[in-house]
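Have a look at the structure below before the remarks.
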Amino acid sequence: MTEYVKSVDGTRIAFEREGAGPPVILVGGAMQFRAFDPATAEMATALASHGFTVVNYDRRGRGESPADAPITLAQTLDDLRALIAEVTEGADDAVALFGNSSGGAIALAAAASGLPVSKLVLFEVPLDEELGTDGAEFLEGLRERITMGDGDATVEYFMKDMPPEWLEGAKSGPGWQGMTAMGPSLEPDSEALAWTQSASRAALWAGISQPTLVLVGDQTLDLMSPAADSLVTNLPHAVRGTVAASDHAWEPKAMALTIAEFLVDRAGRSGASDRLE
C-alpha cells in the first residue's frame with residue numbers, strides 16, 4: 001500500500017513499507033522508482049521476510065513523488081529526513097540505508113550530514129578519481145540540459161559514459177518516455193557523486209562512523225572494483241563483499257540475504273563475516 005510523507009518544503013514523497021523489525025530505507029539510483037523497478041520491489045519483500053521493516057520510496061521527481069526542477073541533493077536529504085522520522089515515529093532511532101549505485105553516494109551524503117543512520121550498505125557506487133574535477137564538470141553539463149527542458153538530451157547526457165548498448169536499449173524500449181520525464185531528478189545523483197570528489201575522501205568521510213558494507217557484483221564493470229577499494233580505504237568502518245550481480249544489476253533474493261546478514265547484530269546471529277572479503 002502506498003503511503004505518503006511531506007518533506008520540509010511540502011513536497012509529498014510516496015513510499016511503501018513491508019515487514020516488521022529494524023527499519024531499512026532503500027535509496028534508489030538513477031532511473032529507479034517503484035513502478036519502473038520490479039527488482040527492488042522483489043528485494044524489499046525478501047528483505048522484509050528476514051525480519052526488517054523495509055521502506056521503498058519514489059525519490060523526488062519520480063513516480064508518485066512529483067516535483068518541479070531544480071531538484072537538489074539538499075532537498076533529497078530533506079526527503080530522507082522526513083522518511084526517517086515517519087518510519088521511526090519521530091523517535092531518535094536510526095535507520096539503515098541501502099544505497100544502489102548513485103543512490104549509494106546519496107546515502108553517504110546522508111550519513112555525513114548527520115541524519116540518524118545506523119548502518120550503510122552500498123552497491124557499486126560509480127566513483128571517479130579522488131579529487132578529480134570530472135564530477136563537477138559533468139554536473140554542470142547535466143544542469144544545462146535540465147534547464148533547457150530537453151528530457152531526451154538530459155538522459156542521453158547522463159548515460160553518455162555508460163556502455164553504449166545500455167543507451168541504445170533504453171531508447172528502443174517502452175520505458176524511454178518515463179526515463180526522460182524524470183530527467184530533473186538525476187541532478188542529486190550527479191551532485192552526490194561530484195561531492196565525493198570535493199575534498200580528500202578520508203577527510204570528507206571521517207565523520208561517517210557507521211558500519212558499512214561495500215558491495216560489488218561477482219561479475220562487475222571495470223570501474224566498480226577500484227571505486228569499492230576507495231570506499232573501504234577511506235570510510236572508518238567499512239568492509240567489502242560480493243553479491244550475485246552482473247552488468248550493475250543484482251539478483252533480488254541474494255541481495256536481500258546479503259543485506260540482512262550484515263544488518264543483524266554481529267554479536268548475535270549474524271553470518272555476514274562469512275561472506276565478506
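Placing pseudo-labels 7 Å out from each Cα toward the beta carbon at ASP93 and GLU130 gives an inter-label distance of 3.7 nm.
Here the Karplus relation 6.51 cos²θ - 1.76 cosθ + 1.60, evaluated at θ = phi - 60°, turns the backbone of the range 166-180 into coupling constants of 5, 5, 4, x, 5, 5, 8, x, x, x, 4, 4, x, 5, 5 Hz, with x for every Gly and Pro. Rolled with a 1.4 Å probe across the full set of protein chains, the surface gives THR133 an accessible area near 90 Å². Derived scalar couplings between HN and Hα for the range 22-32 equal x, x, 10, 9, 8, 9, x, x, 4, 6, 9 Hz in order, rounded to whole Hz, by the Karplus curve 6.51 cos²θ - 1.76 cosθ + 1.60 (θ = phi - 60°), x for Gly and Pro. Using only Cα coordinates, the Kirkwood hydrodynamic radius of the chain works out to 18.7 Å. Based on the convex hull around the alpha carbon atoms, the range 193-252 presents an average projected area of 4.4 nm². Taking a ≥ b ≥ c as the square roots of the eigenvalues of the alpha-carbon gyration tensor, the range 30-187 is classed prolate because a/c is 1.5 or more and a/b outweighs b/c. Average accessible surface for the range 155-263: 41 Å² per residue, computed with a 1.4 Å probe over protein heavy atoms with every protein chain in place. For the chain, modelled as a GNM whose springs connect Cα atoms under 10 angstrom apart, the maximal fluctuation among MET162, MET43, MET179 occurs at MET162.
Scalar couplings 3J(HN,Hα) for the range 94-108, obtained by applying the Karplus form with A = 6.51, B = -1.76, C = 1.60 to θ = phi - 60°, are 9, 10, 7, 10, 9, x, 9, 6, 4, x, x, 5, 5, 4, 4 Hz; x denotes Gly and Pro. For the range 83-145, the solvent-accessible area works out to 37 Å² per residue, with a probe of 1.4 Å and every protein chain left in place.
Here the range 73-192 exposes an accessible surface that is 48 percent carbon and sulfur, computed with a 1.4 Å probe and the other protein chains kept in place. Shape class for the range 27-118: oblate, because the ratio a/c of the largest to smallest gyration tensor axis (alpha-carbon atoms, square roots of eigenvalues) is 1.5 or more and b/c is at least a/b. What the Cα convex hull of the range 134-277 gives, in volume per residue, is 131 Å³. Mean residue ellipticity at 222 nm, helices only, the chain: -12000 deg cm²/dmol; runs of at least 4 DSSP H residues each add -39,500 (n - 2.57), and the sum is divided by the number of residues.
The values are calculated or read from the model by the stated rules, or taken from the named source; none is laboratory data. This one's a predicted model, so the numbers in the text were calculated from it and none came from an experiment. For neighbour counting, all protein chains shown are included, and Cβ atoms are generated from backbone atoms with ideal geometry for every residue, glycine included. Surface accessibility is based on the protein's heavy atoms, side chains included, excluding ligands, DNA and RNA. Shrake-Rupley method; radii C 1.70, N 1.55, O 1.52, S 1.80 Å.
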